[in-house]
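Step one of this worksheet: look at the structure below.
None of the figures in this text is laboratory data; all of them are computed from the coordinates on show. Nothing here was measured: the structure is a model prediction, and the numbers come from that model. Here the Cβ positions follow ideal geometry from the backbone for every residue, glycine too, while neighbour counts run over all protein chains shown.
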Amino acid sequence: SACVYALMGGSRRVIPPESRVGVHRMFNYSTNFDFSEGGIVQERNLDDGGMRLTLSNYARAMGVSVDLVNLAERTSPDQLYMLSGNDIARWRLASRKL
């Protein structure tokens with residue numbers, strides 16, 4: 001999900017205590033026609049490193065630790081790592097506490 005990256009772009013990043021923020025490895029789907037399979041085939045594509053580099057640069061520019069991007073990329077796209085309050089503070093994801 002790109003939600004955490006949208007949050008990073010905020011001029012004021014407020015995460016209320018009752019909120020939950022999760023991250024996982026990014027991916028997208030491509031759809032192709034495969035004659036051998038007899039129809040449309042959907043394939044999951046993982047980042048080859050280019051998007052990770054772009055997001056790491058973006059995180060730095062927004063004042064967020066690159067460690068957050070690294071954690072997301074280590075988390076399976078089929079799972080969700082829920083950030084703790086300590087994670088949010090350590091990686092400077094939130095601008096301030098409520």
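Structure data summary
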item: Difference of contour (0.36 nm per residue) and Cα-Cα distance, Ala89 to Arg44; result: 12.9 nm
item: Hull shadow area, averaged, the stretch 25-76 [alpha-carbon convex hull, nm²]; result: 4.2 nm²
item: Gain upon complete extension [Asn70, Phe35; 0.36 nm per residue less C-alpha separation]; result: 8.8 nm
item: DSSP-assigned coil residues among trypsin sites (Lys or Arg not before Pro) in the stretch 1-49, each with at most 11 further Cβ atoms within 10 Å; result: Arg12, Arg20
item: From the coordinates shown, Cα Rg over 2.2 N^0.38 Å corresponds to which of [x] 1.29; [y] 1.09; [z] 0.98; result: [x]
item: The stretch 22-98: GluC sites (Glu not before Pro) in DSSP loop, at most 11 other beta carbons within 10 Å; result: Glu37
item: Gain on full stretching of the segment that runs from Glu18 to Leu80 - 0.36 nm per residue minus C-alpha separation; result: 20.6 nm
